Amino acid sequence: MKIGHLVLLLCLLLVPLAAAGEGIEITETSSRTILQPQETGEYVLHITNLDAKQYQLFIKAEPYVGIPSSYFDYVLIDPNYVVLDGHSSQDVIVTLKVRDDAPRQKRYQSYVTINALNDEAVSETYDLQVFALESTDAVSLYFPDMPETVEPGTDLTFILTLTNNLQKDLSNVDLYLVSDLFEHQKTIELFEGQEKDIKFTVPVAWDASPGAHTLGVRVYYNNDLSGTASIPITVGENTNVEEHVETDDGLLYTEIRVTKTNTGNTVTSSSFSEDFSLIQGWFVASTLEPMVQDSGDMRWTFTLEPGEEGTLVIKVNYRPLLIALLVLAVLGIMSYYLFTHRVTLKKDVLKTKHGVEGVSDFKVLLHVKNNTNKSLKDVTIVDTLPKIIKPKTSFGTMAPTGIERGDKGVRMMWKISELVSGEERIFSYEVEAQMKVIGEISLPRAIGKYKSGKNRTSNFASNRIILFSGVMEKVKKGLKRSS
């Protein structure tokens with residue numbers, strides 16, 4: 001019985017100890033709570049897990065911080081989420097900023113709340129307080145109303161409020177506005193205790209980079225720095241691109257010159273499109289590669305840096321087609337006159353006698369025709385036979401006007417005083433071989449000449465004939481005519 005009472009007594013003593021060990025403990029390691037103007041307060045809080053289990057802690061500031069009725073610009077917590085294992089601890093830094101226009105020589109209070117996300121029973125609040133001192137500068141200043149955003153290429157208008165903190169009038173107070181956007185300097189005077197609003201209107205360059213910038217103000221009195229302030233400025237994004245198009249039309253030729261200029265402050269893409277038919281598209285050339293739409297439109301895209309200028313030249317040129325057509329026409333005309341409007345001389349062979357020993361006798365025909373549109377005077381036809389064959393005395397409708405024998409063979413000549421347009425003459429003669437020929441016999445071209453209207457001599461020639469033993473083949477290598 002006594003042992004049972006002892007166990008019960010021990011349990012009653014341990015229960016309060018276990019309950020007292022649950023939760024977290026917050027202690028202040030260091031702090032900065034007496035603040036000069038523009039100075040921030042700071043607390044270093046040491047959070048300890050009094051229990052054996054892990055706590056997931058979320059730390060948040062007073063929800064009213066930053067609203068117009070609050071005297072705090074912000075309360076920042078780093079980190080605001082902490083995981084503490086059993087009986088472990090960690091420091092958290094809390095930073096406070098009193099508004100620049102908050103009354104001075106006054107104490108301001110706020111707080112942070114620490115909640116365990118994995119245990120609703122664990123929740124602690126820690127009070128914060130700072131004291132705002134009066135400015136020790138001769139002049140204090142702040143921006144009561146600064147625009148949130150300014151567009152590039154426009155004027156930034158804002159008010160700077162200055163207060164004379166000295167018990168005397170101040171003259172020759174120099175203000176310096178410094179920013180990567182602009183610089184400005186102004187000299188003013190302030191009476192004793194005076195609060196003065198100064199309006200500034202400064203230009204912002206059209207190519208000012210978009211995003212956050214900082215405007216700083218320094219005040220000098222008697223060459224001593226008497227006050228400073230800074231405020232962020234946000235420059236908006238300007239994607240403006242100017243376009244200039246010139247069109248130059250000529251004979252079967254069009255040139256379109258497109259110039260795009262990025263007058264904004266950021267990298268910008270801009271396009272130019274032109275509607276060409278399918279046939280026109282074959283003759284389009286450009287300095288940039290186009291993207292062809294399903295409808296047949298062509299679209300060119302520029303990507304330009306701020307201030308950059310891009311040029312596109314589009315050429316629609318039908319002249320090569322015209323030149324090609326003209327060349328084809330000229331070739332056609334030349335071919336027509338070459339093969340139709342000229343004097344032709346054709347040479348044929350009729351075999352009259354042959355045997356196993358080869359060709360012995362055959363007949364040669366010369367066809368001369370005037371394909372021109374005018375009569376020809378003094379037409380002369382000359383044909384030559386190789387030495388191994390000779391002509392017989394049998395000739396066709398017209399015997400040669402002359403026959404000459406030489407070391408290389410026999411040369412025969414026919415002369416026609418006039419050959420009217422479209423007229424054709426045929427000269428024929430028979431030949432016999434000096435010996436039986438086995439293999440190949442080559443008959444040279446017959447040649448001719450005539451007098452043109454300007455008393456110029458023009459020449460023409462026939463085809464060449466090759467005979468084989470037992471087989472006759474005519475090889476025509478084209479009609480040749482030269483003037």
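What follows draws every value from the coordinates through simple rules; no lab data is involved. Quantities reported herein were computed from a predicted structural model and do not represent experimental measurements. All Cβ positions, glycine included, derive from the backbone under ideal geometry; neighbour counts span all protein chains shown.
With a Förster radius of 30 Å applied to the beta-carbon distance between Asn373 and Lys415, the computed FRET efficiency rounds to 0.85.
Sparsely packed loop sites in region 246-287 (the chymotrypsin sites (Phe, Trp or Tyr not before Pro) outside DSSP H, G, I, E and B with at most 11 other Cβ atoms within 10 Å) comprise Trp282. Within the chain, the longest run free of GluC sites (Glu not before Pro) that sit in a DSSP loop with at most 15 other Cβ atoms within 10 Å is 40-133.
Each helix, a run of at least 4 DSSP H residues, gives -39500 (n - 2.57); summed and divided by the residues of the chain, these come to -3000 deg cm²/dmol at 222 nm. The label-point distance for Ile93 and Thr259, in a model that sets each label 7 Å from Cα toward Cβ, rounds to 5.5 nm. Debye calculation, C-alpha points only, no solvent: report log10 I(q)/I(0) for the chain at q = 0.05, 0.11 Å⁻¹, in the same order as the q values. Once normalised to I(0) and log-transformed, intensities are -0.58, -1.00.
What the pair-distance distribution of region 80-202 shows, using all Cα-Cα distances binned every 5 Å from zero, is 2, 7, 13, 14, 12, 11, 10, 9, 8, 6, 5, 3, 1 percent.
Region 392-428 and region 136-184 have their alpha-carbon centroids 118 Å apart.
For the chain, a crude dipole built from +1 on the beta carbon of Lys and Arg and -1 on the beta carbon of Asp and Glu, taken about the Cα centre, is about 8600 debye to the nearest 20. Sparse packing (at most 12 other Cβ atoms within 10 Å of the Cβ) combined with a DSSP loop state is found for the following trypsin sites (Lys or Arg not before Pro) in region 116-214: Lys168.
Specify which residue in the list Val330, Asn238, Ser452 is farthest towards the positive end of the charge dipole of the chain, using unit charges on the beta carbon of Lys, Arg (+1) and Asp, Glu (-1), about the Cα centre. Most positive-ward Cα: Ser452.
From the largest down, region 139-235 spans 44, 23, 17 angstrom on the principal axes of its Cα atoms.
Peptides 262-270, 408-416 ranked from most to least packed give 262-270, 408-416, packing being the mean of other C-beta atoms within 10 angstrom over each peptide's residues. Computed from the alpha carbon positions, the gyration tensor of region 241-319 leads to an equivalent ellipsoid with semi-axes of 25, 14, 8 Å, biggest first. Note that region 55-145, at 25 °C in a medium of 0.890 mPa s, gets a Stokes-Einstein diffusion coefficient of 162 µm²/s from its Kirkwood radius over C-alpha pairs. Less than 5 angstrom separates the built amide H of Val122 from those of Ala116, all sequence-distant by 5 or more or on a different chain.
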